[in-house]
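Derivation of every value follows stated rules applied to the coordinates shown; laboratory data play no part. Note that the coordinates shown come from a computational prediction; the quantities given were computed from them, not determined experimentally. Cβ sites come from the backbone with ideal geometry, for glycine too, and all protein chains shown count toward neighbours.
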Amino acid sequence: MAKILCIDDNAHGLNARRILLEREGHTVTVARSGLEGLTLFQRARPDLVVVDYVMPHMNGGEVIREIKRAAPKVPVILLSGYTEVLSLEEKVKEADCILTKSSTREIPELLSTISRLLRKSSKKPAASVKAKAKDTKEKKTAGRKTIR
């Protein structure tokens with residue numbers, strides 16, 4: 001499955017997400033702050049990042065901007081306890097998806113969003129691999145003559 005980095009200063013929520021995602025078969029790395037998250041992002045090279053918005057010292061928007069600067073194709077999900085998603089969309093345009101935390105909807109919505117974003121991001125490399133294979137095949141056959 002995928003390598004996922006979860007960043008949240010709330011230890012309880014962070015641990016719950018880690019357990020949930022590991023049960024789904026993912027490898028999960030956790031960070032308790034934005035700065036720690038950025039350090040672990042460079043080391044772990046995750047396939048997807050889940051980050052909370054409200055954290056001390058560096059908010060989720062700042063973390064996402066740094067991640068997207070370093071690796072623009074890595075999908076990032078922003079979680080927030082705020083219900084004003086539209087105001088967050090204005091502040092954090094770099095997020096691939098913004099989800100609100102709620103005890104009843106968060107888990108299924110998070111899991112389906114992770115699956116969707118991982119499928120979407122895995123299609124891009126596959127297309128480039130096919131293009132490389134075609135290009136290599138064309139180069140190999142370019143020097144050959146066909147005798148009939």
### Task
Arrange Tyr82, Tyr53 by Cβ neighbour counts within 10 Å, fewest through most, would you?
Tyr82, Tyr53
### Query
Once the other residues with Cβ under 15 Å from the Cβ of Arg17 are scored (Lys, Arg +1; Asp, Glu -1), what is the net sum?
-1
### Cβ-based net charge around Leu78, under 10 Å, with every Lys or Arg adding one and every Asp or Glu removing one
-3
### Summary
Neighbours of Glu36 by Cβ distance under 13 Å: Lys/Arg at +1, Asp/Glu at -1, summed charge -2
### Query
In which sequence would Lys3, Lys93 go, from the one with the fewest C-beta neighbours within 10 Å to the one with the most?
Lys93, Lys3
#### Entry: Ranking of Cys6, Cys97 by count of other Cβ atoms within 10 Å, fewest first
Cys97, Cys6
